[in-house]
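Below: the structure, in structure tokens.
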Amino acid sequence: MAPIHISYFSDVLCVWAYIAQIRLDELKATFQGDIEIEMHFVSVFGNAREKLEKNWRDRGGFQGYSDHVREVGKKFDHITLHPDLWTGVRPSSSMSCHLFLHGIQLLEVKGIVPKSEKYFEQATAAFREAFFAKAMNISDRSVQFTIAEELGLPIAAIQEQIDSGEAYAQLSKDFDLVKEHTVSVSPTLIFNEGRQRLNGNVGYRVIEANIRELLHNPPGEESWC
């Protein structure tokens, strides 16, 4: 039986995607060989500053949103949230991060770096950790370079993927998929060729149950669910 394909959409500046990272890692460990996760980005924070200024104008502004994010974080012991989130540091856009990360992904696709090292996954997690735990402005290209260098990635090669337009093409593909599947929430998991989806802060057991159901009842077979 072919692995179950899962499309995973997230925004690197979304706290719920940061929280959900541990669930994604657990899925890969539990269902190794049975699932295939394809990572995509949805730009919930594509225009981060204006979005928060507008949506939180009457709820304390950036400080109100920062308090909200840190209050959410208190419920999860596995993450660290810096007190300066969205106050001392305010990234302008997640799209800059997503573009850079697609540049790293292309290095794997082209064999410039070993795919086995999972640099794209490492970098995505490192970007989230840099922002949420260390309050680094990950929308800034110099910060992106610093993170990539710490991972031992070739900066010139990443920049080449961006300059050539290829990383933009991958980001555009994400936009098309977001539109096709009407994705508006980070994170979103889409299974079963678009017929099933899980949005937002969904517990691990719920995700696991959906995967086990698909494993035991492949598409086209009768299911009692």
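Label-to-label distance for Asn55 and Asn192 is 2.9 nm, based on points extended 7 Å past Cα in the beta-carbon direction.
Given labels modelled 7 Å from the Cα in the Cβ direction, how far is it in nm from Asp163 to Arg141? Placing both labels 7 Å along Cα→Cβ, they lie 1.0 nm apart.
Centre-to-centre, using Cα atoms only, region 95-146 and region 1-55 are separated by 14 Å.
When each of the peptides 190-202, 4-16 is scored by how many other beta carbons lie within 10 Å of its residues on average, the order from highest to lowest is 4-16, 190-202. What FRET efficiency, computed as 1/(1 + (r/R0)^6) with R0 = 25 Å and r the Cβ-Cβ distance, is obtained for Leu151 and Ser172, rounded to the nearest 0.05? Rounded to the nearest 0.05, the efficiency is 0.50. Full extension of the chain between Thr80 and His216 gives 45.3 nm of extra length, using 0.36 nm per residue less the Cα-Cα distance. The slack between Asp34 and Asn201, meaning 0.36 nm per residue of separation minus the straight C-alpha distance, is 57.8 nm. For the chain, the 222 nm mean residue ellipticity estimated from helices alone, with every DSSP H stretch of n ≥ 4 adding -39500 (n - 2.57) and the total spread over all residues, rounds to -16000 deg cm²/dmol. The string of couplings for region 182-196 from the Karplus curve (6.51, -1.76, 1.60, θ = phi - 60°) is 6, 7, 9, 10, 10, x, 10, 10, 10, 10, 6, 6, x, 7, 10 Hz, one whole number per residue in order, with x for Gly and Pro.
Fraction of C-alpha pairs exceeding 27 angstrom in the chain: 35 percent, rounded to a whole number. Each of Met1, Ala48, Ile155 was scored by the projection of its Cα onto the charge dipole of the chain, and the greatest displacement toward the positive side belongs to Ala48; charges sit on the C-beta of Lys, Arg, Asp and Glu.
Read the figures in this text as sums done on the coordinates, not as results from a lab. Remember, predicted model here, so these are calculated numbers, not experimental data. So basically every Cβ, Gly included, is an ideal-geometry build from the backbone, and we count neighbours across all protein chains shown.
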